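Every read-out reported here was derived from the displayed coordinates using simple, explicitly stated rules and does not represent laboratory data. Given the structure is predicted, the values throughout are model-derived calculations rather than measurements.
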Amino acid sequence: MTNELLYSAIATILDELKEIFVDEIWHVGGDEPHYECWDANTNISTFKRNQGNWTDDQLYTYFSHRYAGLVAKRKFDMYHVCCF
């Protein structure tokens, strides 16, 4: 969520999948986050605090928007992005 390497890895995976799957519709999922794992991670807790004490829902919305941008940039139509 808070490590830029995550978004680089997602971009690489999407690029590879775009070559394999010809469909223009991409189901991105994301409707079952495990907040307990985030809250146990000190890097994520620090990031949330530095953003003005974000809630888990706000963090998830941040991630969803970043992920949606990566998907859209690859010309996929998003089938499902769940944001709170």
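Contact order normalised by length for the chain, with contacts defined as Cα pairs under 8 Å and 6 or more residues apart; what percent is it?
On the way: 66 pairs, mean separation 39.9, N = 84.
Answer for the chain is 47 percent.
Can you give the direction-averaged projected area of the convex hull of the alpha-carbon atoms in the chain, in nm²?
Details: hull surface 22.0 nm².
Averaged projected hull area, Cα only: 5.5 nm².
Just subtract the alpha-carbon distance of ASP15 and LYS75 from 0.36 nm times their residue separation and send over the number in nm, one decimal.
Numbers: separation 60, 0.36 × 60 = 21.60 nm, distance 1.06 nm.
Separation in residues times 0.36 nm, less the Cα-Cα distance, equals 20.5 nm.
Using alpha carbons only, how many degrees (0 to 90, rounded to 10) separate the axis of helix 4-20 from the longest principal axis of the chain?
20 degrees
To the nearest 10 degrees, how steep is helix 56-73 against the longest Cα principal axis of the chain, on a 0 to 90 scale?
20 degrees
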